[in-house]
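The structure under discussion appears below in the form of structure tokens.
The values are calculated or read from the model by the stated rules, or taken from the named source; none is laboratory data. Being a predicted model, the structure only gives us computed values, none of them experimental. As a convention, Cβ positions derive from the backbone with ideal geometry for all residues, glycine included, and neighbour counts pool all protein chains shown. When the accessible area is computed, the model is the full protein with side chains, heavy atoms only, and any ligands, DNA or RNA have been set aside. Shrake-Rupley method; radii C 1.70, N 1.55, O 1.52, S 1.80 Å.
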Amino acid sequence: IIAFLESLGMAAMTQRALLLLHLLTSVGAEPTNPVGHANCPCVEWPALDTYRNSDSTLKYSPGSSTTSYPYPESYGALNCLAHDAGLDPFCNRDNPPAWCAQEWCFVDKNACSGVQSYSSSLFPLANAYYSYETCGNSNSFQSWYQSSEGSPLGSAIDILEGYLWSARNLLEDEYIRLASNNQYCDYEEMCGCLECEENEAWKASVDFGTVGAYIKQSTESGLKKTLSCLIKGVSQTYSKTAAKESEAGKRVGYQYMGDQLGGSTAWWPNIEWCAGDYDPRLRPWYAAGSTGPKDVVIVVDVSGSMQKNGRADLAQQATLTLLDTLEWKDYATIILFNSGIYAKYSSILVSVDDCTRAKMKEWVLEQMWADGGTNFQVAVNEAFDVIAQSVKMGNTSMCQKAILFLTDGNSEFMVEDYDKVQTSSERYDVTFFTYALGTGANAEVCKNLACQTGGVFYPVPDGGDLSHIMSQYYAFFAAGQEKCTSSFTSYDDIVTGTRLWPACLPFYDRREGQPHLLGVNCMDVNMLADPKELKEMDDGWDEFACKITDMTKKCQAMYLTECHREKIRLAYSAASVCGTDSSSDIQASTCQCLDRTVPCEDDDNFIDELGYFCDTWVGDDCDTASERFGYSAAGQTELGQKCLKSCGKCAFTELPCPYTEAATCQGHSFSAQSSKCRACQTSKVSGIDIEGNPMCCKSQAGNTCQENSHANDECILPAGKEYSPLDMAGQGRTVTESAELCQERCANVAGCAYFSWWADGGCHLQDASAKLESGTTAAAGPARCGSESVKSKKKLKKKE
């Protein structure tokens, strides 16, 4: 069949047939069997008696033991059935996860041959095992390719959404239930994983039967109790999803979450890895999942006073850390100032993909960080000039804009300067986050800039954790947004070095009328199939990449009142509060919330008369569309009717907020399968897609689309840069003939993220925790730049 298809020139169909053949031959079970595969029959598991109620039903308790649910007496026993269908807490809700409808049964793992089974996370003390495969169920991707109509990759997005929403609902429900929890729950730790075993595909020590967690030692006791039980609860849905989709570790792919309050994390599968100073809030998947796109201008004082108390080093490291919170969907640049503009990375904002981030970090390390006087006006004016020019040239996310302003100095700032800031910030929807470092900084000007633009002022003592404080700016945006669809990104796994493609969705504390960010929950596309194989298959990949790009780049409307902002400021410091109310009054106050009785959603399919989608109006005044942008009167009226949420038209309730819990994405509905790529509907799209290519409709006949914008870039950094510490765990110096071969070695070593290479051929590998520093190398760089390994234009050869 394959030879026949190739003879007809049907390459895409041939690739699909090859993949289907691979999938079919990898499935060990026979077609659906009511009592399981002959080599792994369904059993009744007597040890479950320890979980039985007096009426013979089973008692299941998620997380802690304070709540339990009755399960049928015959749950999982003797027959292949969809035993979970309609059961709490996972499957008795709208849009339950896909495994709820799948057949499975309990099995004796010692009596199974060639069929994968998993330990039951619902009844851990019973030592019970279960299997989907024995009932003839393959993972969802295999099912789509055997029976799909249309694009199976569009279905893949929707299935990922279903799993993420299921975990989100569980995490939010469990958090409310655990709010008064006063006990610890048992959970498996990553570091010192007792049941982990070496896996060839992962090139790491892994336990596919459990979820591993890392809770920071510094976490407050009450929060630690809550997190331990939250992790135990989500472990159960992670394990069920893995049993259905992961194919027992044939490829690297995770489910994972990070929490906002303490910086803790949990992953399926458990993996032998010691986190050290790892913080999920600084990982690309977390920043990408918690907020929408943004434009960021980082403005840093590099005057002579920054030599004091190590301030220059703190500022430099904070800038490098900030860059790790930015993604391909974001635009940014860096401005360094003293008595004038000392240096700027670019005159317009740039998309921060992997290669650009590496180049920006290189630039940061090349600069002098302590020289000259201080002039606030020139720095602020330059930041607004960059934003204005970027908007004019289309180098913008078309979403929220932030100026992060750091100084340790003093400078005058006149009334006319504040007036100019007011005008420009309103025109471009700019929020200031200001950081006064040390005792000599002009806190008054910094505070006024933040308060005037609805932002936050952060007084930072010498020696303070400036990197963490500055990198949390995105949490402000998350507080005013509620993301209802997943965001996607790709990055190199910190443990195995595998390129991962996660879909991520935030989860919230909904105990009040306004949701508050609790964390981010992700599932890798790699769980379902190998993205590299999908791309090579050339059967819907371009459409898939386009759709996940559109989902990720969608602007998120901000709805915060001054009451909300004051609470955010007070959470950092009483000195950050803008108004005259006391701290106790701010804490006790009840803020307004959005009125749920008045519909306020965008028409996501609407394109205005100049070709823009609704969400690109976030931050702009829709009532001045005619005056500022040349819309007709009818066009402006239609815009206001179709784009209520993005135009800021949603109404707040009167005080106090009448709701005791926040709503969950009211009016939201989404189907990737039925959606269309934006680039195929309008030319008014900006920036790059998830693969680093300029936005373009590849499926449209006659279109010539440019490839990755960094295809010809030299992404191996030049001499004088190295990563520290010198060697990652288990690695040491080797000799390679060129920097390119050292980079290739890094790309093929599990966990390697960066390399450093010397002219004598010395090649050293570093993991993702390494920091870029000045050094004596001939070359250094990432394992990859973008989605493929990079090659330097200039070959750097070993000295003989």
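Which semi-axis lengths, in whole Å and largest first, follow from the square roots of five times the eigenvalues of the Cα gyration tensor of the chain?
Numbers: eigenvalues 367, 208, 160 Å².
For the chain, the semi-axes come out at 43, 32, 28 Å.
Apply 1/(1 + (r/R0)^6) to the Cβ-Cβ distance of residue 426 and residue 67, taking R0 = 56 Å, and write down the FRET efficiency to the nearest 0.05.
Numbers: r = 49 Å, r/R0 = 0.88.
In this case the efficiency is close to 0.70.
Relative contact order for the chain: what is it in percent, counting Cα pairs under 8 Å that are at least 6 residues apart?
Details: 1695 pairs, mean separation 86.2, N = 800.
Once normalised by length, the contact order is 11 percent.
Which of the trypsin sites (Lys or Arg not before Pro) found in segment 436-520 are in a DSSP loop and have at most 15 neighbouring Cβ atoms, other than their own, within 10 Å? Before the final figure, lay out each step's value.
Numbers: sites: 447, 483, 499, 510, 511; in loops: 483, 510, 511.
Those satisfying the criteria are 511.
Test of understanding: what is the full-extension gain from residue 393 to residue 663, defined as 0.36 nm times their sequence separation minus their Cα-Cα distance? Write down the numbers at each step before the final one.
Details: separation 270, 0.36 × 270 = 97.20 nm, distance 3.84 nm.
Using 0.36 nm per residue and subtracting the Cα-Cα distance, I get 93.4 nm.
Just the number please: accessible area per residue for the chain, 1.4 Å probe, all protein chains included, in Å². Please list the in-between numbers first.
Numbers: 31730 Å² over 800 residues.
For the chain, the per-residue accessible area is 40 Å².
For residue 585 and residue 650, calculate 0.36 nm times their separation in residues minus their Cα-Cα distance, and state this gained length in nm to one decimal.
Values: separation 65, 0.36 × 65 = 23.40 nm, distance 2.68 nm.
Residue separation times 0.36 nm, minus the Cα-Cα distance, leaves 20.7 nm.
When we measure straight from the Cα of residue 308, which lysines land under 30 angstrom away, once same-chain ones fewer than 8 places off are left out?
Once the sequence-local lysines are set aside, what remains near residue 308 is 344, 359, 361, 447, 721, 771.
By DSSP, what percent of the beta bridges with both residues in the chain are antiparallel, rounded to the nearest 5? The partial results should precede the final answer.
Numbers: 68 of 96 bridges.
Given both bridge residues lie in the chain, the antiparallel proportion sits at roughly 70 percent.
Any idea what the dipole of the chain comes to, in debye rounded to 20, about its Cα centre with Lys/Arg Cβ at +1 and Asp/Glu Cβ at -1? Could you put the intermediate results ahead of the total?
On the way: 64 positive and 104 negative charges, 152 e Å.
Computed charge dipole of the chain: roughly 740 debye.
For segment 89-124 and segment 412-436, what is the separation of their C-alpha centers, rounded to whole Å?
Value for the Cα centre distance between the two parts: 57 Å.
Zone of residue 308 (label point 7 Å along Cα→Cβ, backbone N under 15 Å): which residues in segment 399-432?
Only 407-411 pass the distance filter.
Over 30 Å between Cα atoms: which of 401/676; 232/645; 535/642; 225/649; 59/225; 401/642 fall into that group?
232/645; 535/642; 225/649
Which residue, 636, 456, 381, has the largest displacement toward the positive end of the dipole of the chain when charges sit on each Cβ (Lys, Arg +1; Asp, Glu -1)?
381
Mind checking which aspartates and glutamates have their Cα closer than 18 Å to the Cα of residue 216? Skip sequence neighbours fewer than 8 apart in that chain.
186, 188, 189, 259, 272, 277, 279, 465
Through the Karplus equation 6.51 cos²θ - 1.76 cosθ + 1.60, θ set to phi - 60°, convert the phi angles of segment 594-611 into ³J(HN,Hα) values in whole Hz; use x for Gly and Pro.
Couplings: 5, 6, 7, 7, 10, x, 8, 10, 7, 8, 5, 9, 6, 10, 6, 5, 9, x Hz.
Share of the chain's accessible area from carbon and sulfur, percent, 1.4 Å? Could you put the intermediate results ahead of the total?
Details: 15420 of 31730 Å².
About 49 percent, which is the carbon plus sulfur part of the accessible surface.
Could you tell me how many degrees, from 0 to 90 and to the nearest 10, lie between the Cα long axis of helix 562-572 and the main elongation axis, the longest principal axis, of the Cα atoms of the chain?
Compared with the principal axis, the helix lies near 80 degrees.
DSSP beta bridges in segment 256-386, what fraction antiparallel, as a percent rounded to 5?
Of those bridges, close to 55 percent are antiparallel.
So, in nm, how far is label residue 183 from label residue 366 when the simple model puts each one 7 Å beyond its Cα toward the Cβ?
Each label point lies 7 Å from its Cα, and together they span 6.0 nm.
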